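Q: Have a look at the structure that comes next, please.
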Amino acid sequence: MSEKVFVAHVTLSWGEKRDYLIANDVEPGLQHRLDTYGNSWNEVMHNALMNVPVAPYLPSNSVQPPIATAKVSDVEARDFGPTEEKLQRTRSQFIMAAMWEKQSAEATANFLHHDYDQASQAEIFADVDYWVNGAKHPDVWAHTQQLIAEQQKRLREETANQKA
């Protein structure tokens with residue numbers, strides 16, 4: 001029997017859609033729901049807000065990627081294979097729609113911002129404000145895009161140095 005993994009289909013506040021593997025420590029809860037609730041197992045994750053890395057991790061782990069808060073459209077259980085192997089994992093911080101839809105953007109962002117660096121915290125606050133209130137934050141989003149490009153450049157440099 002193949003190993004099952006959980007794949008989240010998410011949308012980032014700037015409109016990009018991505019897929020991620022669910023964080024290792026969240027998987028057991030989803031597996032329990034899958035085993036217990038049949039076809040409705042994944043409803044708990046619909047429209048949840050979840051922290052995700054928006055750039056690659058570096059082999060050296062010298063600089064963490066920027067983190068954003070995405071909205072989950074669906075989660076599916078899949079057999080682990082080559083496609084899933086290429087996906088990044090979500091972070092462990094998420095909040096179900098049943099919770100974030102009833103509280104302020106500030107309360108939700110405070111729950112999700114964790115101990116990330118200042119730029120990721122700014123992105124998380126901007127994202128939550130977007131999901132809760134519809135507020136757009138082009139300056140924050142542009143800064144995050146710059147950080148993504150810088151992280152991708154670092155990855156290319158580290159990969160080239162490893163090959164040399």
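The values are calculated or read from the model by the stated rules, or taken from the named source; none is laboratory data. The structure displayed is predicted, hence computed values, not measured ones. Virtual Cβ from ideal backbone geometry, glycine too; neighbours counted across all protein chains shown. Just the protein is used for accessible areas: all its heavy atoms, side chains included, with ligands, DNA and RNA removed. Shrake-Rupley method; radii C 1.70, N 1.55, O 1.52, S 1.80 Å.
Q: Looking only at residues that are closer than 15 Å to Ala48 by Cα and in contact with a Leu (Cβ under 9 Å, 6 or more places away or on another chain) in the stretch 1-10, which one is surrounded by the most Cβ atoms within 10 Å (Cβ to Cβ)?
A: At the first step, the residues of the stretch 1-10 found to be closer than 15 Å to Ala48 by Cα are 6-10.
Now narrow it down to the ones that are in contact with a Leu (Cβ under 9 Å, 6 or more places away or on another chain): 6-8.
Values: Phe6: 24, Val7: 19, Ala8: 27.
Checked the stretch 1-10; the qualifying residue surrounded by the most Cβ atoms within 10 Å (Cβ to Cβ) is Ala8.
Q: For the stretch 11-101, list the strands (runs of 3 or more DSSP E) that sit wholly inside it and hold at least 3 residues that are open to solvent by 10 Å² or more (accessible area, probe 1.4 Å); which are they?
A: Per the criteria, 17-21, 67-79.
Q: What about Asp139, is it of a type outside the set (A, V, I, L, M) and either assigned to a loop (DSSP other than H, G, I, E, B) or buried (at least 16 other Cβ atoms within 10 Å of the Cβ) (or both)?
A: no
Q: Starting from the stretch 4-24, take each residue that is more than 18 Å from Leu34 (Cα to Cα) and list its partners that are of a type in the set (Phe, Trp, Tyr) and part of a strand (DSSP E or B), counting only C-beta distances under 7 angstrom and pairs at least six apart or across chains.
A: Cβ pairs passing all conditions: Val10/Tyr20.
Q: Within the stretch 146-164, count every residue that is closer than 28 Å to Ala105 by Cβ, surrounded by 16 or more Cβ atoms within 10 Å (Cβ to Cβ) and of a type outside the set (A, V, I, L, M).
A: So the answer is 1.
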